[in-house]
Amino acid sequence: MESHTTETLLRWIVLVPLLGAAINGLLNRRLPRQVAGLLASAAVLISFALSVTVFLRLTGMPAEARFVSDIVTTWIGFGNLQVDLGFAMDPLSAVMSLVVTGVGFLIHIYSLGYMAHDKGSQRFFTYLNLFIFAMMTLVLGENLLMLFVGWEGVGLCSYLLISFWFTDEANAAAGKKAFIVNRIGDFGFLLGMFLIGATLLPHLGGGEGLLSFRVLQQHAGILAPAATAICLLLFVGATGKSAQIPLFVWLPDAMAGPTPVSALIHAATMVTAGVYMIARMNFLFVLTPTAMTVVATVGAVTALFAATIALTQNDIKKVLAYSTVSQLGYMMLACGVGAFSIAIFHVMTHAFFKALLFLGSGSVIHAMSDEQDMRVMGGLRKKLPLTFWTFIAGTLALAGIAPLAGFFSKDEILWNAWNSGNKVLWAIGFIAAGMTAFYMMRLVVLTFFGENRASAEVKSHIHESPATMTMPLVVLAVLSIAGGWVGIPHFLGGGAHFMTWLEPVFSQPAVVAELAHGAVAHGAEAAAHGAEAASHGAEHAGAHADTTMEWILAGASLAWGILGLLAGYFVYARKVSVAESFQKMGGGWPHKVLLNKYYVDEAYEGAIIRPMYRLSKTVLWKWVDVGLINGLLVEGSALVVAVVGSVMRLFQNGLVRFYAWSFSIGVAVFVLYLSFSG
Amino acid sequence: MEITLTHYLLLAAAIFVTGMVGFIVRRNAIVMLMCVELMLSSVNIVFAAFSRFHLDGGGHVFVLMNFAVAAAEAAIGLAILVEIFRRRRTVNVDDLKTLME
Amino acid sequence: MSLITDHILSWVTFLPLVGALLLWTVVRKEAQARFFAMAIALADFVLSLHLWFHFDAGRGDDQFVEKVAWLFNGQISYHLGMDGISLVLVMLTTFLGPLVVLSTWRAVTDRVSNFLGFVLFLQAAMLGTFLARDMLLFYVFWEAMLIPMYFIIGVWGGQRRIYAAVKFFIFTMVGSVFMLVGIIYLYQQSGSMNLADFLNLQIGHEAQLWLFAAFFLAFAIKVPLFPLHTWLPDAHVEAPTAGSVILAGVLLKMGTYGMLRFAMPLFPEGVAFFAPYINALAVTGIIYGALVAMVQPDVKKLVAYSSVSHLGFVVLGLFSLTSLGVAGGIFQMLAHGLSTGALFLLVGVIYERRHTREISEFGGLAHGMPIYATFFMIATLASVGLPGLAGFVGEFMILFGTFSSEAVPHGRLLAVLAATGVVLGAIYMLWMYQRVFLGKLKNVKNEGLKDMSVREMIVLIPLVVFMFWLGVQPGLVLDRIELSIEKVLAPLELDQGGHHALQLDEAAADNPVALIGATVLDTPLDTEGQ
């Protein structure tokens, strides 16, 4: 093992939010609401400051040595199985830490205003801090099992926060659904870990942490034969957490939670955990072209699929939710074509603009007296100017308009998809990008333009949100505009600093690079690029190639995005009849299918949930348990004994004379038998 | 006519059967108890007869012991019956079957 | 002091018995009885702490041994001993003891001193079972446990208490009788009832199969292993809260403990023969228990069926025949004792207030009882094995042990199937939680229910603390059982480091379906002529 720099600050990045949660949770209602909120915000701010401190220390190190770790103790130690309770920060987790604590802090501040009037706001901040704790465990976990701890922890917090307003049956159900669907993904994750463990354990010496990322990377050669299965199983976990097909169903429902939660957990941070995990395990994924293809395909299809649903939704948060699913698809696509650093780049920019959009929608909902249906909104542009302008910034960033943040990251994803050789992936991503611009413009028009369609009662209450809510919007708007400039690619004259920063994480040690090239020899061009991008750094791959094509594609996607926006504006602001004819197209059923989200929930309900319930209740419980096992076998054998007993009982009738008779006859028979048997 | 062992045994059998039949057909517990005594007596006769014909005193010993047993049995049995009669106002055995369950 | 420390195991075992006798004879007044029983239970816990701190984790053999000739010139002896496995179970028992007594403070009002006497008697019998190293002594304790439990269910139970008590008694008896036959057979062979002498016997193959079956049946009923589980839901539903806590917390573990202590090391060939079938039953139990738990209308019955599922994990861990899986199994015994014990206590809390446990009677309880809802949430999460809580470590080690086991066929398939239990666990527990605590407060009878009292919190806080503690620092237990497990499993002659890397060629690696098939079903996929 190489020597590590120990950095005990790391544990405090994780523990301070936990401490905040503990204090808030234990004191609960004894704390004034504002104090609870400030306490929670302070905890995250400290975490952020510590993350920055360690980040700065990392920047001061030579690129290859940027790794600090903090092993607190052995967590599970038995025989040669050793899993440490420890944290580590490298460039990848540094980026994630900054995003999580930074955006997290802004959303805490926003919540101060948003939740000011909620009776349970202490509980809310407890959960929020707990979430930051879990998310930081996920990001900073030194090994795969620590990552899994955070992984389950964020799932729990998501459950608690979605069903935060538990009085509503629907919220409670949505929270439960989120947890259970995530658990299905975790099932794959667990098996992936077992497969890694079972493959690697016999080869480990004492003291080596079995699931430690460093150890796994060093022993990638041993894991290589099982890499495809491992990666596919881990990807099952990622589809659950990052809401990919087929496990995306929980995310739209998760919008039942308070809006800051949607912004923090279900847009900016938690849902990107799947992408983070794949990026973290990049050294295994590059070894398996099959898994990479699966990841890229699922990502691309999800991107398009969710975008089509977003076209028709009427709930402002549902549109953003499907948009999130779609954007997560892009990130997966980036991972699948080997552009891990681009995926993380998009994770970051998406965190900025999607958090902004959610918080903006929260501001709208707040102003509209908790109305979420866009059909009764409209005309809010003038009444909520700050919300409107920041929202526009977020929309443009999401639509991929240069030079906002989303342009650089999305364009890089599409370029890498194109470059991977699989033009279909690129085409799917490209189409979905146009749809993104279109549905976002639809949302903006329905919400902010035209006449307000709400009742007079609601109208009279419309007001701009307080400063605690608008300040985070402004900060996030600035980040959505400028946040992408850290990763301007070379062909545009940028330095691609972001990718350079991440390069040490994604450049493979010799052993992996060699194996990856071996995998290339077996085919699958996706991995060819993956391996190349991995071994040379993604931006070099771009730099060496002819930049003409890159210019053309970038221009095309910019034009395509603008076109989508204009079309959206035209259809929903100028020619509403066109929108209506869309709805009636093809007899109205395409619109209906989209509006009902392709009936996926209904299909799951009918094909899995209800049959399982019936099987359990009727067959297993009533027939097998009560009927067969208990009734027939257990009580049956008791019945046999009882029947025999009750027959025998006839002889015990209490009549002494009957006993005497039977006794006499018995003796007589016995005597006769003796005398005749000789 | 010489009185042989067979005569004794026939007498004993006759008394035993009388006792047994009485025990089975009668319902009065006191009568039944007396029938038991009859059967015991018939056994005593057999013991005594064999003892006489085998010239072995052992039989007599058993007879004496049987007297003791019969006396004790009669005493306890009658005591129980008196007690039962006090509580139940009957000594009909067909009514006394609480031990059935 | 040496009077106590020299015979520490006897003190720990018999102190509750003495307390029970006094409760039945001298200490009859209700209030006195409560404090007296509490004092005894606490004293026993303190005594057992001596064991915890003086236990030498560097040894795998029995410690604190007491051996006195008893019958037949010492062929049968009074022989107690304790290794790491016994240690953790003894600690679990004595730890739950005071909590159980405290939980009855308001719940039991009828013939209090008798009840508490039975609770302490039960504790003594369970401790004896975990400590006995003489087979007759073990059997005496094993059967003695039936008596107090029979009365606890049958006298202080619910509506169908007689049915449940008789069912419990007869089920266990049936199994035990076969084990007794086995014990007598072995006694004839060895001329001693000493466990160590039994271990030295050379038993023929055929005899091992029969004996294993006889022993295993007794333990499997106690666990209970599917399909021998139907006594458990009835017993739990009818038993008073304290009874359920002891039943789930400790009593069921006597079954798995017996498997590990006796059935497995004594009859290795029996293990080899039956392990695949047992694993199949264990996995069936995991899934079946979870599915049936899902549809239960009664909270307590739901928790009871979840026990069937959880104990399936324990049995799977033991019969994965890896030290990792066995350690996970033991850990899961503790975790299950904590989480399910807590769940039963919590069900008791609401039962005291509403006198019903029907899920449909509740809904929205989190409104009026936030503290209760929080405790219930934590217990629920511990039960579904959330990382950071004790349940996760056990499940992880069991599943990992099974997955990497080469001593049993289809280890990977078993682990995959068992892992679905993790998903199902979340479904039934969270669904129940949703229906009981979330939503609107619909039933007027639930309005104005008091939240948990301080006493009720005092009962639950230690459990919650240990759920977290063991979840974060499992080494507390794992370090103490590691060598003992090695020793217990030694007769099985398992290949310790017997894992091997997957032998898959790269062509196969490109075919995900075949590969997952191969890794999951262990179908051989070697194409390089090996």
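Under the condition of being of a type in the set (A, V, I, L, M), assigned to a helix (DSSP H, G or I) and touching a Gly at 6+ places or on another chain (Cβ under 8 Å), the residues counted in the range A:299-338 number 10. Just one of the listed residues (A:Ala573, A:Ala579, A:Ala559, A:Ala567) is more than 14 Å from chain B (Cβ to nearest Cβ) and touching a Gly at 6+ places or on another chain (Cβ under 8 Å), and it is A:Ala573. Per the conditions (1) under 16 Å from C:Ala293 (Cα atoms); (2) surrounded by 23 or more Cβ atoms within 10 Å (Cβ to Cβ); (3) within 10 Å of another protein chain (Cβ to nearest Cβ), the sole criterion not satisfied by C:Ala418 is (3). In the condition set (1) at pLDDT below 90; (2) surrounded by fewer than 18 Cβ atoms within 10 Å (Cβ to Cβ), C:Val181 is compliant with all but (1).
Restricting attention to the range C:61-80 and to residues that are among the aliphatic types (A, V, I, L, M) and in contact with a helix residue (DSSP H, G or I) (Cβ under 7 Å, 6 or more places away or on another chain), the residue that is surrounded by the fewest Cβ atoms within 10 Å (Cβ to Cβ) turns out to be C:Ile76. Selection of helices (runs of 4 or more DSSP H) fully inside the range C:1-108 by the criterion of at least 3 residues being closer than 21 Å to C:Met254 by Cβ returns C:8-25, C:30-54, C:84-107. Count of the range B:1-33 residues, restricted to those that are under 28 Å from B:Ser51 (Cα atoms) and either assigned to a loop (DSSP other than H, G, I, E, B) or over 14 Å from the mean Cα position of the chain (by Cα) (or both), is 11. Taking the criterion of being among the acidic types (Asp, Glu) and crowded, with 23+ Cβ neighbours inside 10 Å, the only residue of the range C:357-395 that qualifies is C:Glu395.
Conditions (1) in a helix (DSSP H, G or I); (2) on the phi > 0 side of the Ramachandran plot; (3) aromatic (Phe, Trp, Tyr), marked per residue:
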{"residue": "A:Phe87", "(1), (2), (3)": "no, no, yes"}
{"residue": "A:Met96", "(1), (2), (3)": "yes, no, no"}
{"residue": "A:Phe105", "(1), (2), (3)": "yes, no, yes"}
{"residue": "A:His117", "(1), (2), (3)": "no, no, no"}
{"residue": "A:Thr126", "(1), (2), (3)": "yes, no, no"}
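Residues in the range A:32-74 that are assigned to a strand (DSSP E or B), touching a residue at least 40 places away in the same chain (Cβ under 8 Å) and in contact with a helix residue (DSSP H, G or I) (Cβ under 7 Å, 6 or more places away or on another chain): A:Val68, A:Asp70, A:Val72. Determine which member of the set C:His310, C:His229, C:His236 is crowded, with 23+ Cβ neighbours inside 10 Å, under 18 Å from the mean Cα position of the chain (by Cα), of a type outside the set (Ser, Thr, Tyr) and not in a helix (DSSP H, G or I). Only one candidate qualifies: C:His229. Is it fair to say C:Leu186 is assigned to a helix (DSSP H, G or I), over 19 Å from C:Leu311 (Cβ atoms) and at pLDDT below 90? No: the conditions fail for C:Leu186. One residue is enough: does the range A:272-287 have a residue meeting the conditions surrounded by 24 or more Cβ atoms within 10 Å (Cβ to Cβ), more than 18 Å from the chain's Cα centre (by Cα) and not in a helix (DSSP H, G or I)? Yes, the conditions are met somewhere in the range A:272-287.
State yes or no: is A:Ala94 away from chain C (no Cβ under 14 Å) and at pLDDT below 85?
Numbers: away from chain C (no Cβ under 14 Å): yes; at pLDDT below 85: no.
When the stated conditions are applied, A:Ala94 does not pass them.
In the range A:182-228, the qualifying residues are those that are more than 24 Å from A:Glu152 (Cβ to Cβ) and in contact with a His (Cβ under 6 Å, 6 or more places away or on another chain), and the one that is modelled with the lowest pLDDT is A:Pro202. Hey, does the range B:14-34 have a residue that's at pLDDT 90 or above, buried (at least 17 other Cβ atoms within 10 Å of the Cβ) and polar (S, T, N, Q)? Taking every residue of the range B:14-34 in turn, none turns out to be at pLDDT 90 or above, buried (at least 17 other Cβ atoms within 10 Å of the Cβ) and polar (S, T, N, Q). Taken as a whole, the condition of being more than 30 Å from C:Ala293 (Cα to Cα) and either within 14 Å of chain B (Cβ to nearest Cβ) or at pLDDT 85 or above (or both) applies to A:Ala668.
Looking at A:Asn24, A:Asn28, just one residue is surrounded by 18 or more Cβ atoms within 10 Å (Cβ to Cβ), within 14 Å of chain C (Cβ to nearest Cβ) and either in contact with a strand residue (DSSP E or B) (Cβ under 8 Å, 6 or more places away or on another chain) or assigned to a helix (DSSP H, G or I) (or both), and that residue is A:Asn24. Of the numbered conditions (1) out of contact with any strand residue (DSSP E or B) (no Cβ under 7 Å at 6 or more places or on another chain); (2) at pLDDT 90 or above, A:Val14 satisfies every one except a single condition; which is it? The one condition A:Val14 does not meet is (1).
For C:Leu502, state whether it is within 12 Å of chain A (Cβ to nearest Cβ), in contact with a helix residue (DSSP H, G or I) (Cβ under 7 Å, 6 or more places away or on another chain), surrounded by 15 or more Cβ atoms within 10 Å (Cβ to Cβ) and at pLDDT 90 or above. No: the conditions fail for C:Leu502. Taking the criterion of being buried (at least 24 other Cβ atoms within 10 Å of the Cβ), touching a Phe, Trp or Tyr at 6+ places or on another chain (Cβ under 6 Å) and within 21 Å of A:Leu502 (Cβ to Cβ), would at least one residue in the range A:263-271 satisfy it? For the range A:263-271, residues buried (at least 24 other Cβ atoms within 10 Å of the Cβ), touching a Phe, Trp or Tyr at 6+ places or on another chain (Cβ under 6 Å) and within 21 Å of A:Leu502 (Cβ to Cβ): absent.
The set of residues in the range A:257-271 that are assigned to a helix (DSSP H, G or I) and over 12 Å from the mean Cα position of the chain (by Cα) comprises A:Thr259, A:Pro260, A:Val261, A:Ala263. Check whether at least one residue in the range A:231-249 is hydrophobic (A, V, I, L, M, F, W, C) and over 29 Å from A:Leu320 (Cα atoms), and report yes or no. Yes: the range A:231-249 contains one or more residues that are hydrophobic (A, V, I, L, M, F, W, C) and over 29 Å from A:Leu320 (Cα atoms). Among the residues of the range C:341-374, how many are within 29 Å of the chain's Cα centre (by Cα) and not in a helix (DSSP H, G or I)? Number of matching residues: 4.
Listed here are the residues, each with its yes/no results for (1) within 12 Å of C:Val299 (Cβ to Cβ); (2) of a type outside the set (Gly, Ala, Ser); (3) more than 9 Å from every other protein chain (Cβ to nearest Cβ).
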{"position": "C:Gln332", "(1), (2), (3)": "no, yes, yes"}
{"position": "C:Tyr372", "(1), (2), (3)": "no, yes, yes"}
{"position": "C:Thr380", "(1), (2), (3)": "yes, yes, yes"}
{"position": "C:Phe392", "(1), (2), (3)": "no, yes, no"}
{"position": "C:Leu399", "(1), (2), (3)": "no, yes, no"}
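In the set A:Gly338, A:Gly360, A:Gly329, A:Gly378, only one residue is over 21 Å from the mean Cα position of the chain (by Cα) and buried (at least 24 other Cβ atoms within 10 Å of the Cβ); that residue is A:Gly360.
Taking the conditions (1) assigned to a helix (DSSP H, G or I); (2) buried (at least 22 other Cβ atoms within 10 Å of the Cβ); (3) over 21 Å from the mean Cα position of the chain (by Cα); (4) more than 9 Å from every other protein chain (Cβ to nearest Cβ) in turn, A:Ala198 satisfies each one other than (4).
Scanning the range A:201-230 for residues that are over 26 Å from A:Val68 (Cα atoms) and either more than 7 Å from chain C (Cβ to nearest Cβ) or of a type in the set (A, V, I, L, M, F, W, C) (or both) returns A:Ala224, A:Ala226, A:Ala227, A:Ala229, A:Ile230.
The values are calculated or read from the model by the stated rules, or taken from the named source; none is laboratory data. Everything numeric in this text was worked out from a predicted model, so none of it was measured. Using ideal geometry, Cβ is built from the backbone for each residue, glycine included, and neighbour counts are taken over all protein chains shown.
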